[in-house]
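Undergrad: Okay, handing you the structure first.
The values are calculated or read from the model by the stated rules, or taken from the named source; none is laboratory data. Keep in mind the model is a prediction, meaning the values are calculated, not measured. Don't worry about glycine lacking a Cβ; one is built from the backbone with ideal geometry, like all the others, and counts go over all protein chains shown. Just so you know, the surface numbers come from the protein's heavy atoms only, side chains and all, with ligands and any DNA or RNA stripped out. Shrake-Rupley method; radii C 1.70, N 1.55, O 1.52, S 1.80 Å.
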Amino acid sequence: MNSAYGWQRRDGSSRVAFEARVRHPLPAKDTERPPYYFYLTQRNYLLFWYENTPPEYRHRLWLRLLDQAFYNCNQLYDDGFPAHGNASLLGIRDFIVGRTGKPDLDRRNNLLLVGARKLTRLRQNLMAAARGGQRYS
């Protein structure tokens, strides 16, 4: 297979290992991971999509990203993992204020963000009920 960017030797072989595989040990459940994992995945997910979306579409993407992030956060709280949910909410907070770097999980979330998370749950329940679907607890 040739590289799309022409990374190949004169003999036609390539220096890129297209078929490489790496196996990592995974926990049986995601919730077995430490809270900082949820902080980092939440914050970095939001940063990635926001920074890699063309500027003219970011204003539309902003609310959709936060809606999905709050949904994920609500699932952690409702499944009985408040430390993971709190870490996820801190990741959302740090995305909003533009904080990057090492996670600091020894902080409290502000009431505005907690309220927004709960309002998002209410909206999601109302939308599910309107479609006749199962409500999110």
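Undergrad: Any chance you could count how many residues in the range 82-100 are among the polar types (S, T, N, Q) and either surrounded by 12 or more Cβ atoms within 10 Å (Cβ to Cβ) or not in a loop (DSSP other than H, G, I, E, B) (or both)?
TA: Looking only at that region, the number is 2.
Undergrad: While we're here: I'm checking my understanding of the structure. Among residues of the range 19-47 that are modelled with pLDDT under 85 and either closer than 16 Å to G98 by Cα or aliphatic (A, V, I, L, M) (or both), which one is surrounded by the most Cβ atoms within 10 Å (Cβ to Cβ)?
TA: Step by step, filter the range 19-47, then rank; the result is L26.
Undergrad: Name the residues in the range 101-137 that are modelled with pLDDT of 85 or more, open to solvent by 90 Å² or more (accessible area, probe 1.4 Å) and part of a loop (DSSP other than H, G, I, E, B), would you?
TA: K102, D106, R108
Undergrad: Right, here's the next one. Would you check if Y50 is at pLDDT 95 or above, in a helix (DSSP H, G or I) and not hydrophobic (A, V, I, L, M, F, W, C)?
TA: no
Undergrad: Contact list please: Cβ distance under 6 Å, first residue in the range 98-119 and of a type outside the set (A, V, I, L, M), second residue modelled with pLDDT of 90 or more and surrounded by 11 or more Cβ atoms within 10 Å (Cβ to Cβ), pairs at least six apart or on different chains.
TA: Listed by first residue and then by second, the contacts come to P103/Y36; P103/Y39; N109/L89; R117/F70; R117/C73.
Undergrad: Counting just the residues of the range 53-63 that are in a helix (DSSP H, G or I) and either of a type in the set (S, T, Y) or in contact with a helix residue (DSSP H, G or I) (Cβ under 9 Å, 6 or more places away or on another chain) (or both), which one comes out most open to solvent (accessible area, probe 1.4 Å)?
TA: Among those that are in a helix (DSSP H, G or I) and either of a type in the set (S, T, Y) or in contact with a helix residue (DSSP H, G or I) (Cβ under 9 Å, 6 or more places away or on another chain) (or both), it is Y57.
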